[in-house]
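Trainee: Here it is: the structure, laid out below.
The values are calculated or read from the model by the stated rules, or taken from the named source; none is laboratory data. Keep in mind the model is a prediction, meaning the values are calculated, not measured. Cβ placement follows ideal geometry from the backbone for every residue including glycine, while neighbour counts extend to all protein chains displayed. Just so you know, the surface numbers come from the protein's heavy atoms only, side chains and all, with ligands and any DNA or RNA stripped out. Shrake-Rupley method; radii C 1.70, N 1.55, O 1.52, S 1.80 Å.
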Amino acid sequence: MKTGQKKDSEAVLAQLDLSPEKPVILLPLQIESDSNIQNNSPHYKSMEDLIRSVTSVLNGTEAQLVVKPHPEDRARRDRIEALCSDADVRCCWDLSLQSLFPVTDLVVVINSTVGLE
C-alpha cells in the first residue's frame, strides 16, 4: 500500500511549515474501528480524543505536532483537520512516514507498528 510521498527533510519542513529550531512530535493515528483501540484502550476510544489530549499537553510548549492520519481513514478528513487548527499543529495526509521520521524528535502512539519503526 502506498502511504504517501517520500521527500527529503528540507522539503518536509517547508511543506508543513515547520521550524527546524523547534521539536517535532509525530502522532500517527489508527483507524477508530481497530479492535485494540475499541477493546483494550482504557483512555481513548477515538482518535479525535487522542488529538485533543496531545494538543492539550503540548499547549504552551515549543513543540510542533504533526498528526498523520491512517491512510485508510479519509472519510473523517474534515473532523481530523478541524482538530489541527492550532498554530503548532499540522495535519499530514500525503507524506510518507519515512519522510517524516528524519524531522521527528518524538513519536506518540497508542497501538501502532509505527512505534516500532
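Trainee: In region 1-11, what residues are modelled with pLDDT of 90 or more and either open to solvent by 40 Å² or more (accessible area, probe 1.4 Å) or in contact with a strand residue (DSSP E or B) (Cβ under 6 Å, 6 or more places away or on another chain) (or both)?
Mentor: Those that are modelled with pLDDT of 90 or more and either open to solvent by 40 Å² or more (accessible area, probe 1.4 Å) or in contact with a strand residue (DSSP E or B) (Cβ under 6 Å, 6 or more places away or on another chain) (or both): 9, 10.
Trainee: Just to be sure, is residue 18 open to solvent by less than 70 Å² (accessible area, probe 1.4 Å), among the aliphatic types (A, V, I, L, M), assigned to a loop (DSSP other than H, G, I, E, B) and modelled with pLDDT of 95 or more?
Mentor: Yes; evaluated as a whole, the condition is true for this residue.
Trainee: Under the condition of being among the β-branched types (Val, Ile, Thr) and at pLDDT 90 or above, which residue from region 33-77 is most open to solvent (accessible area, probe 1.4 Å)?
Mentor: Selected residue: 57.
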